[in-house]
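Since the structure comes first, as structure tokens, the remarks are kept for the end.
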Amino acid sequence: MSTTLRSMRLSASRCSPLRAGPSSASGTLRLAGARYSSSTAQDPMTGELAKLPDIEPSLLEITRTQQPKRPPPPSSLVFGHTFTDHMLTVPWQILEGWGKPKIQPYGPLAVEPSATVFHYAHCLFEGLKAYRDTNGKVTLFRPDMNMKRMNTSAERIAMPTFNGEAMVELMKELVRMDKHWIPDQPGYSLYIRPTMIGTQPALGIAPPKEALLFVICSPVGPYYPQGFKPVALYGTTEYTRASPGGIGAYKLGANYAAGVAAQKAAAQKGYVQNLWLQGPEHHITEVGTMNAFVVFKRSDGSVELVTPPLDGIILPGVTRDSVLALAREHSAGKIRVPELTDKLVVSERPVTMKEVKEAAQKGDLVEFFGTGTAAVISPVDRIGYLGEDVHIPTGPDGMGPISRPLWKHLTGIQTGAIPHPWAVEV
């Protein structure tokens with residue numbers, strides 16, 4: 001065995017693999033599911049496989065900025081336009097595995113113009129938030145779920161996977177350094193953007209032999225600073241977001257670039273965002289970049305909360321999963337979500353625009369909303385579909401009877417007002 005590969009084996013990560021399983025709104029995280037492991041390399045002389053180093057938090061190197069910036073007034077923040085003083089970087093190389101993590105001053109990356117990210121879309125990312133409670137404690141919301149999904153996305157485009165627990169520890173350290181950027185006002189948080197790109201300077205369609213995992217942070221305010229404002233959607237039949245066997249279920253840069261033209265077309269028609277419809281039956285899939293939820297009245301007096309199933313086309317959203325977990329455990333009597341009806345049925349099933357339109361005509365459509373990290377819950381008041389608008393009920397505050405209590409409970413957990421294991425202390 002070569003000296004290089006022998007040293008790789010000896011320095012392999014000591015962090016245990018993160019395993020994430022079914023979500024629970026009331027109990028501790030149950031661990032199961034996908035295994036996060038480092039890569040292996042083959043010794044060119046012996047052909048023997050050797051395990052390469054995974055991400056190792058104990059090797060973290062910190063360089064503090066010598067020119068700290070003053071955080072701007074909270075009222076001036078525009079989502080995703082202001083960034084904190086530091087960033088985290090972790091390089092990867094096919095024969096060396098994951099390199100030394102570094103927290104360094106925020107600044108430009110040195111990436112060659114021939115890097116695979118620019119030519120073959122070797123790019124994936126995540127989005128999560130850090131919150132500060134009234135006592136000053138800072139927490140991350142379900143970071144294990146983001147790392148699980150990030151590894152799944154990396155596998156889909158032949159990028160390196162990593163130890164999710166180790167990455168969470170590194171993100172905690174980054175947030176500790178820049179936590180003063182979280183505005184000390186209700187509704188504000190720190191948006192965290194982990195990203196992985198292919199950096200190998202070579203042309204040719206193949207798995208990249210070099211990659212960079214980095215994390216940047218941005219202070220953000222409430223998505224609806226003046227209160228909830230329902231949005232109008234355009235039921236897009238001219239464009240397709242995803243197809244079976246494709247990349248719709250993965251958080252890849254390529255998924256988002258292709259959606260911009262459809263969103264622009266919806267705006268030109270007078271709608272805020274597009275509603276992605278799939279196939280000749282016009283199955284509802286996603287609301288722009290959010291997961292979709294519909295609420296129907298049922299003949300027995302109950303209400304049904306419906307979201308499309310994870311069939312390989314839809315992104316497994318963390319907020320989607322959280323809303324489902326809270327609603328199911330409330331319905332089962334395991335937890336109590338104040339103001340939420342006890343006559344609640346929770347379904348993951350296909351739903352078409354025909355069903356939504358017919359329910360609206362019959363008066364059985366209760367509400368329609370999207371879920372995502374940025375907005376948490378975004379209510380909808382109308383959908384443009386095949387030349388006419390389907391109108392959707394909303395309350396005086398812009399929300400509906402199901403989304404309102406779920407939003408209150410979920411944001412209570414995120415901000416620390418409601419103790420919960422989903423909130424991970426930094």
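What the table shows:
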{"item": "Positions within segment 275-316 being hydroxyl-bearing (Ser, Thr, Tyr) and either over 15 Å from GLU238 (Cα atoms) or not assigned by the TED database to the domain that holds LYS357 (or both), in sequence order", "result": "THR289, SER299, SER302, THR307"}
{"item": "Criterion violated by GLU112 - all others in (1) charged (D, E, K, R); (2) surrounded by fewer than 20 Cβ atoms within 10 Å (Cβ to Cβ); (3) within 19 Å of the chain's Cα centre (by Cα) satisfied", "result": "(3)"}
{"item": "Residue in segment 50-97 that is surrounded by the most Cβ atoms within 10 Å (Cβ to Cβ), counting only those that are of a type in the set (S, T, N, Q) and in contact with a strand residue (DSSP E or B) (Cβ under 7 Å, 6 or more places away or on another chain)", "result": "THR84"}
{"item": "Residue count, segment 333-354 (criterion: farther than 30 Å from LEU190 by Cα and in contact (Cβ under 8 Å) with a residue 60 or more places away in the chain)", "result": "7"}
{"item": "Verdict on VAL380 being among the β-branched types (Val, Ile, Thr) and under 28 Å from ASP144 (Cα atoms)", "result": "no"}
{"item": "Those strands (runs of 3 or more DSSP E) lying entirely in segment 18-124 with at least 1 residues at pLDDT 70 or above and touching a Leu at 6+ places or on another chain (Cβ under 6 Å)", "result": "49-51, 86-93, 102-105"}
{"item": "Strands (runs of 3 or more DSSP E) fully within segment 370-426 counting 1 or more residues that are open to solvent by less than 20 Å² (accessible area, probe 1.4 Å), under 20 Å from VAL318 (Cβ atoms) and assigned by the TED database to the domain that holds ALA130", "result": "none"}
{"item": "Count of segment 241-251 residues which are in contact with a strand residue (DSSP E or B) (Cβ under 7 Å, 6 or more places away or on another chain) and β-branched (Val, Ile, Thr)", "result": "0"}
{"item": "Flag for ARG349 being within 26 Å of PRO244 (Cβ to Cβ) and under 22 Å from the mean Cα position of the chain (by Cα)", "result": "yes"}
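Residue-by-condition table, conditions (1) in contact with an Asp or Glu (Cβ under 8 Å, 6 or more places away or on another chain); (2) of a type in the set (Ser, Thr, Tyr); (3) assigned to a strand (DSSP E or B):
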residue	(1), (2), (3)
PRO222	no, no, no
PHE228	yes, no, no
GLU238	no, no, no
GLN263	no, no, no
GLY270	no, no, no
SER299	no, yes, no
GLU304	no, no, yes
ASP311	no, no, no
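Every residue, every condition in (1) open to solvent by less than 10 Å² (accessible area, probe 1.4 Å); (2) more than 17 Å from ARG149 (Cα to Cα), yes or no:
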| site | (1), (2) |
| --- | --- |
| GLY235 | yes, yes |
| ASN255 | no, no |
| GLN263 | no, yes |
| GLY279 | no, yes |
| VAL303 | no, yes |
| ALA332 | no, yes |
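The values are calculated or read from the model by the stated rules, or taken from the named source; none is laboratory data. Values in this document were obtained by computation on a predicted structure and should not be read as measured data. No Cβ is skipped: glycine too gets one built from the backbone with ideal geometry, and neighbour counts run over all protein chains shown. The area values use the complete protein model at the heavy-atom level, side chains included, leaving out ligands, DNA and RNA. Shrake-Rupley method; radii C 1.70, N 1.55, O 1.52, S 1.80 Å.
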